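Everything below concerns the one structure shown next.
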Amino acid sequence: RHGCCQLRRPDAQRRLNPTSFHILNADVFSKMKKGCYVVNNARADLIDQSAMLAALEDGTVKALAIDVMHDEPPLPDDPYFNHPQVLFARTLRLHEEGLRGMGEKCVGDVERFVNGEAPVNAKTKLA
């Protein structure tokens, strides 16, 4: 079974700080189990995007599910767009019940996506 790393932010008012900026970076990815899933529904800048793209390419990260982007609204040339291993999921942190179920929903969609099945809770559609 593959590992899963979920970044979530229970406090909607919490701000990014120097200790959380790029908390997932090249050094952390080098220590991760190959083939893990990453779910980020907290803040985009918790992940170093360049390091994430490299981790996706080398197989360290099998798939990334996000509902946050580095630029809001997202830029059309964002490297996550059209990446075959990146899934854009609906925002699920709107209320407490969403917080409890978001991990299961995101991980379930990532597993379906990786297995070539259509995600249930995704904004983007598989071709």
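Read the figures in this text as sums done on the coordinates, not as results from a lab. Keep in mind that this is a model prediction, so the values were computed, not measured. Positions of Cβ are backbone-derived with ideal geometry, glycine not excepted, and every protein chain shown enters the neighbour counts.
Considering only the other residues whose Cβ falls under 14 Å of the Cβ of D58, what net charge follows from Lys and Arg at +1 and Asp and Glu at -1? Numbers along the way, then the final one.
On the way: positive: K31, K33, K34, K62; negative: E57.
Result for the local shell: +3.
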Simple SL model, points at 7 angstrom along Cα→Cβ for R8 and Q49; separation in nm is 2.5
Highest mean packing first, using Cβ neighbours within 10 angstrom, the peptides 33-44, 49-60, 17-28 sort as 33-44, 49-60, 17-28
Label model pair E57, A118: point-to-point distance (7 angstrom along the Cα→beta-carbon line) in nm is 3.3
